[in-house]
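Remarks on the structure that follows.
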Amino acid sequence: MPKFVYIILRTFSVMALAIGTNTKAAISSTQIFPAITDQKGFTVQGNKLISNASGNQFVPVGYNSPMGYYLNPSYTNGQLTNIYPLTTGLTDLDPRNVPLGQTGANTVRLWTLAQFPGGQGATPNQIIGLPTLVQLSLQQGLVPMLTEGLTTGKNSFDPSNSGNYPVINNFSPPPFPTCLPIWDNSCQPLSVAINGYTPDNPTDWGLWQAIQSWTSPANVALFQANRDLILNPANEWGLLTNAFSNNNPNAAIAKYWSDSYIYAINYLRSKGIDNTIVVDAPSYGSYYPAIIEFGKTIENADPMHNTVFSVHAYNGFNDCTEPNCAPGWQVNLQDTINQLAALDVPVIFGEFSVPNQYITPPVETTYNYQTLVKSANAKNMGWQFWMWDTPNDNPYPDYAPAMYDLSGNSIYGLQTLATNQIYQLDGPQAVPFEFSPEQGLFLGLPAFLGLRYLKRKRNKN
């Protein structure tokens, strides 16, 4: 073997091995998608979200970024230079972090707060401003999805009971249920029918407070100026359920959720917000049977027919195989995905995660996140992982292994998905070629060992 050929091959093998052992190698060093400038918005057709720019199905995939709590702006000479993770990573805390535009994500779910619980001070997203967050997302080639976090786990349409609700398209908010029917058709108090039910406080935020906030003149102007901006009005709003069984209390909970959202969507439309709307399932986003029963009803009542539904998949789901499935209140994730994919409305997984290592036993999930991603990809269903890692974010677990895997995995990762036009707004894009760790080891190790063998053999001769 000529010496210069040996040197070239040896260099290639060492570089490939370095990639194979580098935790950051799976993340591209360049932005995957171009900045979004010519916005045309989206349209719902059956169970597909269609990009009006390309006319093709658009499947939103990416990460949650809880801006309300964890945004960390940096300034240089009075100028904003770093809004993690939209512009740069928090390289001083975690050198693996990169801007989300380099991960292969096409969407970022921006989890915001209109105020800190209790009302102290301005939230990070307020300090920066929603227009800035939206523009930074678009510059990174990311479709921004805004959601309000103050509604998380709240029950009432309006905890303050203001009662000042205009009739919109013949719709009014439903009265809050005073009791819920059970199997014998008797109406039980909420505290009895739902174990652990806690009433909202008058100062809590319900769906009414959220849609009032989104329809401020400034926010309406923001949505009208950004057609690709998606609105997820209320994070995880809706009464809790005992379990996934379709019993009478749960049916009443689903009906209250449906009627409330029908009114809320019509109210948003009446104020000029025509963008795509994403509706979380009730019971912390987990009670997917409500979508099966009422999803099409809600979408039909939307004057724009532009509604997508979201399930948050945590510890209510499992990926076990009978007869070893436990506990009994869980449901099988694969069966759930099959049911949701067969609906005539689009459904995404707006949140999912990894087991919480700080709680024994782990309670955040009882399934492998790879099960969800692989199955959702096979059904062309969107997903947003919770969350893009914020270092030292106790008591939450370290999300880094999963979040980097979801970016660079050569089978189901975001950079692999990015080559498929259903994940692109404007049709085929040039995606930077980047070795994954698996490819680096696959190519580098055999070459390295083979060259060592040839060198030894040559020296013996």
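The values are calculated or read from the model by the stated rules, or taken from the named source; none is laboratory data. Quick caveat, the model's predicted, so the values are computed rather than measured. Note: ideal-geometry Cβ built from the backbone for every residue, glycine included; neighbour counts use all protein chains shown.
Among the candidates Ala301, Ala290, the residue that is among the aliphatic types (A, V, I, L, M), surrounded by fewer than 24 Cβ atoms within 10 Å (Cβ to Cβ), modelled with pLDDT of 95 or more and farther than 13 Å from Ile211 by Cα is uniquely Ala301. Just one residue in the set Ser172, Ser213, Ser191, Ser186 is at pLDDT below 95 and either surrounded by 12 or more Cβ atoms within 10 Å (Cβ to Cβ) or charged (D, E, K, R) (or both); that residue is Ser191. Could you say whether any residue in the range 289-298 is more than 23 Å from Asn170 (Cβ to Cβ), in contact (Cβ under 8 Å) with a residue 24 or more places away in the chain and either in contact with a strand residue (DSSP E or B) (Cβ under 7 Å, 6 or more places away or on another chain) or not assigned by TED's automatic domain parsing to the domain that holds Ala376 (or both)? Within the range 289-298 (the criterion being more than 23 Å from Asn170 (Cβ to Cβ), in contact (Cβ under 8 Å) with a residue 24 or more places away in the chain and either in contact with a strand residue (DSSP E or B) (Cβ under 7 Å, 6 or more places away or on another chain) or not assigned by TED's automatic domain parsing to the domain that holds Ala376 (or both)), the answer is yes, since at least one residue qualifies.
Where strands (runs of 3 or more DSSP E) fall entirely within the range 150-233, those with at least 1 residues that are assigned by TED's automatic domain parsing to the domain that holds Gln115 and within 30 Å of Gln424 (Cβ to Cβ) are at 230-232.
Polar (S, T, N, Q) and closer than 29 Å to Leu142 by Cβ - does that describe any residue in the range 232-241? Yes: the range 232-241 contains one or more residues that are polar (S, T, N, Q) and closer than 29 Å to Leu142 by Cβ.
Checked against (1) in contact with a Ser or Thr (Cβ under 8 Å, 6 or more places away or on another chain); (2) surrounded by fewer than 22 Cβ atoms within 10 Å (Cβ to Cβ); (3) touching a residue at least 60 places away in the same chain (Cβ under 8 Å), Trp205 passes all but a single condition, namely (2). Of all residues in the range 246-285, those satisfying the criterion of being at pLDDT below 95 and either in contact with a strand residue (DSSP E or B) (Cβ under 6 Å, 6 or more places away or on another chain) or not assigned by TED's automatic domain parsing to the domain that holds Gly316 (or both) are Asn248, Pro249, Ala252.
Of all residues in the range 63-80, none satisfies being on the phi > 0 side of the Ramachandran plot and at pLDDT 95 or above.
Kindly indicate which of Glu299, Glu236, Glu293 is more than 18 Å from Tyr197 (Cα to Cα), in contact with a His (Cβ under 7 Å, 6 or more places away or on another chain) and outside any strand (DSSP E or B). Every option except Glu299 fails the conditions. In the range 319-337, the residue that is modelled with the highest pLDDT out of those that are closer than 18 Å to Asn246 by Cα and either part of a loop (DSSP other than H, G, I, E, B) or within 19 Å of the chain's Cα centre (by Cα) (or both) is Ile337. Among the residues of the range 100-119, the ones that are modelled with pLDDT under 90 and surrounded by fewer than 24 Cβ atoms within 10 Å (Cβ to Cβ) come to 5 in all.
Does the range 19-42 include one or more residues that are modelled with pLDDT of 55 or more and not in a loop (DSSP other than H, G, I, E, B)? Yes, because at least one residue in the range 19-42 is modelled with pLDDT of 55 or more and not in a loop (DSSP other than H, G, I, E, B).
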